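What follows is calculated from the coordinates using simple rules that are stated; it is not laboratory data. Keep in mind it's a predicted model, so treat the numbers as computed, not measured. A quick note on method: Cβ atoms are made from the backbone with ideal geometry, for glycine too, and the neighbour counts reach across all protein chains shown.
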């Protein structure tokens, strides 16, 4: 018999992986309503969808140790690191007017 249920996190990660626009919308919401800790948690969560930290670091030409520390709960990444990590996930930063 095939298993028909799975953990919410696993299903969400697959949704983000299959729909980068949804991942971008999620991250935009975190940026609009969250704080630095929320952003780091979201980046780690999205990191699971787009590959592990080692893979993201490789794709962004960053040191895996630095990348891991950059998205840890108690750190705020530099703009350069944030842009590199997002780029490795197929995402980018953008500015939008507040309506």
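Points worth noting:
- Footprinting exposure proxy ranking of 98, 13, fewest other C-beta atoms within 10 angstrom first, gives 98, 13.
- Take each peptide in 86-94, 28-36, count the other Cβ atoms within 10 Å of every residue, and average; sorted highest first, the result is 86-94, 28-36.
- Stokes-Einstein D for the range 2-50, Kirkwood Rh over Cα pairs, 20 °C, 1.002 mPa s (µm²/s): 189 µm²/s
- Using R0 = 30 Å, the C-beta based FRET efficiency linking residue 5 and residue 44 works out to 0.80.
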